[in-house]
1. What does the charge count around Leu206 come to, taking other residues whose C-beta lies under 9 Å from its C-beta (Lys +1, Arg +1, Asp -1, Glu -1)?
2. What FRET efficiency, computed as 1/(1 + (r/R0)^6) with R0 = 30 Å and r the Cβ-Cβ distance, is obtained for Val243 and Ser417, rounded to the nearest 0.05?
3. Suppose every Lys and Arg Cβ carries +1 and every Asp and Glu Cβ carries -1, with no other charges. What dipole size does segment 33-175 come out with about its Cα centre, to the nearest 20 debye?
4. Rounded to whole Å, give me the distance from the Cα center of segment 395-414 to that of segment 193-209.
5. As a test of the definition: which semi-axes, in Å, follow for the chain when you take the square root of five times each eigenvalue of its alpha carbon gyration tensor? Largest first, please.
6. Report, in deg cm²/dmol and to the nearest 500, the calculated mean residue ellipticity at 222 nm for the chain, where each DSSP H run with n ≥ 4 adds -39500 (n - 2.57) and the sum is divided by the residue count.
7. For the pairs Lys409/Lys452; Lys364/Lys491; Lys186/Lys452, flag any whose C-alpha to C-alpha distance is greater than 23 Å.
8. Rounded to whole Å, give me the distance from the Cα center of segment 293-317 to that of segment 241-288.
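Please treat every number below as a calculation from the coordinates, not as lab data. Quick caveat, the model's predicted, so the values are computed rather than measured. Cβ sites come from the backbone with ideal geometry, for glycine too, and all protein chains shown count toward neighbours.
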Amino acid sequence: MTAVTRRSLLIGGVAGVALATTGTGFPKLEDPFTLGVASGDPRPDSVVLWTRLAPRPLEENGLGGMPDRVVPVHWELAEDERFQRVVRRGVRPARPELGHSVHVEPFGLRPGREYYYRFRVDGHLSPVGRTRTTPEPWVLGQDLTMCFASCAHYGEGYFTAYRRLAEDHPDLVLHLGDYQYEYAAKAADVRTVIGPETRTLADYRLRHAQYKTDADLQLAHSVAPWLVVWDDHEVENNWADDVPEQPDPEFPARRAAAFQAYYENMPLRRGARPDGTDMQLYRRAQWGGLVNFHMLDTRQYRDDQACGDGWKTCADAALPTRSITGAAQEEWLLDGFRRSRSRWDVLGQQVFFAERDRKDGPEKEVSMDGWDGYLASRDRVTRGWVDAGVRNAVVLTGDVHAHYAADVKLDWNDPASSPTVGTELVCTSVTSGGDGNDTVDEVQLRLNPHIKLHSRRRGYVRTKFTARELRADFRTLPSVRTAGARATTLKSFVVEDRNPGLNPV
C-alpha cells in the first residue's frame, strides 16, 4: 500500500490506488472518485464522511457516467494516515436516486481527535481525507483554528484561495454560501462553465460536479470537516422563500432540484435530506465549551425583499412583521442564545448584518437583500443575545465579494452613542467578481464608522478562537485570473473576551 504522509495529504492530495475487484458480477467501473472526498458536521462522537461516484463527471445528463444501479461503497476510518489503526469500517450503498452520493455517519468516536478516512469501489481507492471530532461540551482548553469562505464562481477565476486555506491546516472550515453559481458561461470567463443556466436536477448535478473536479477545492475539503450553509446562487440570484428573482411558474421544481443536488454534493447528515422544496439546514455545532456555532438559513424562510430589492431608502424595511429567518428559526436561535454557556457564540450566515449606508444626507440608502432590509428581525436577534447574556457574540458573513470588519451596535438609529454588543467578520469572495482591486470606498467608511475594514481583493478569513480572545486574519490574493497566487494577510484584528469590538493588531 502507498504510504500517506501528512505533507502529501495537506499539500498535494493522494492519488487513487488500484485494489482487487469487489466481485459484484457487474462490469468494473472506471475510477469513480473524480470528485474527491469530504467530511462535515462534526460532533464529539461522530462526523459525516462524504463522496460521490462519478467516473465521467462532466456528462450532460448529470449522472457522472454511473450505471443505473446501486453500487456498494466500502469505507474506513482510522487514527493514523497509513490506516494501521482502523477504528470503524463498513459498506454504504451509493444509490442512483441520490446521484450515487454517499453520506456515512460513524458513531462512537473519541472526542477531540483527528481521524483519516477513505472509500473503495471496484478496486479503486479514493483519496484520503483528514477530519476530526469536536471536544466534549465542557472542554474549554482546546483552541480552534477555523477558516471561512464564500462566493466561488468557477468561470471567474481559479480556486487558489481554497488551496491557501488548506495550507493553513484549519481544524474546521465554514462555507457561508454561493458554493456554486447557476449562470451559464460568459464570454469574459477565465474558465469555461459547462452547461446551461441551471434549472433541472441534471443541470445542478453537472454544475456541482464541475466544481468538485477542481483540485484546490478537493484539497480544502480533504483537510478538515466543513460546516456548510447556502445563500442564493445555489438556487438562483436573490431568491426569497418561494419568490424567485423574476416571475417563474417553474420555480418550485427548480428549487427542489437545487436542494436535491446540494444535499447530494455536501457532507451533510441524513437529517438534512430534502423533502421536495423543504430542507432543514439551520443547525448548531459546538466546539467544546469554546464556540457555539449557530448556522443560519437566511433564504428559505425570509419575506420577499422590500421595495423591489436593490439599494433603497425604504420605509417597508422597518415593518415589525418582516423576517429574514422566519419565526421558527428565529425562536430556535433565541432559545439557543438563552441556553448557551459557550465562551463564544457565532452566527454562521450569509448576508451583511451591520448597517451599511452608502448615501450622504439624512436618509439612508441600504441593501434590501441584507439585514438592513429586515430591521425588526435584526433588532430581535441582537437584543436576543444581549438579553440572554451571551458572553461574546460574533457574526460571520459572506455574499458581498469584499472583506469587511465591523462593530455591531445595539441601536442603529444612533450608532455613535450606542454600545458595541458584538462583532461582524465578512469574508470576500473566492473568485466571484474576478481579481477585484485595492480601491477603498472612503465614503462608505465615513458614513459607517463602525466598519473598520473594507477590501475588494479575493481570499478568505482565518480565525483562531481561544478562551481569552478571537483573532481574525483577513487573507487576500493579488489575482485569481491566473492560478497559484500567494496569500498574504491584509489586516488582523483581535476581539477580547467580554470586550466586544475590534482591536487592530
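1. Within the 9 Å Cβ shell, the charges total -1.
2. Numbers: r = 38 Å, r/R0 = 1.25.
Between Val243 and Ser417 the formula returns 0.20.
3. Values: 18 positive and 19 negative charges, 87 e Å.
Dipole of segment 33-175, to the nearest 20 debye: 420 debye.
4. Segment 395-414 and segment 193-209 have Cα centres separated by 33 Å.
5. On the way: eigenvalues 266, 130, 91 Å².
Over the Cα atoms of the chain, the semi-axes work out to 36, 26, 21 Å.
6. On the way: 7 runs with 75 residues, N = 505.
Only helices count here, giving -4500 deg cm²/dmol.
7. Details: Lys409/Lys452 13 Å; Lys364/Lys491 28 Å; Lys186/Lys452 35 Å.
Violating the 23 Å Cα-Cα cut-off are Lys364/Lys491; Lys186/Lys452.
8. Taking the Cα centre of segment 241-288 as reference, the centre of segment 293-317 is 18 Å away.
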